[in-house]
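Asks: Attaching a single structure in structure tokens format; questions to follow.
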Amino acid sequence: MSSTDTPEAASSRTFSVPDISCDHCVNAITTEVGGVDGVTSVDVDLDTKTVTVVGGDEAPIVAAIDEAGFDVA
């Protein structure tokens, strides 16, 4: 296995966040989650009310979503 074969670096997680309702919500979550160590991508989808995150660890991501004022379902 080479040093570029790190599955953790490309791990993707999707979280259900039912209270997402507007662009302000998207911006707040994107800012908080984007600041988590290891996170390389954040996609907040208003239609499905989900947050898809590439990289980082689950607990700090959930904490960042909470810090933005939202609960993960």
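Asks: Between THR14 and ASP71, what length in nm is gained on full extension when 0.36 nm per residue of separation is reduced by their alpha carbon distance?
Replies: Stretched out fully, the THR14 to ASP71 stretch lengthens by 19.2 nm.
Asks: Sticking with this structure for a sec: Take the Cβ-Cβ distance between ALA59 and CYS22 as r, set R0 to 35 Å, and report the resulting FRET efficiency rounded to the nearest 0.05.
Replies: The calculated FRET efficiency here is 0.85.
Read the figures in this text as sums done on the coordinates, not as results from a lab. Since we're looking at a predicted model, the values are computed, not measured. Every residue, glycine among them, receives a Cβ derived from its backbone with ideal geometry; neighbour counts consider all protein chains shown.
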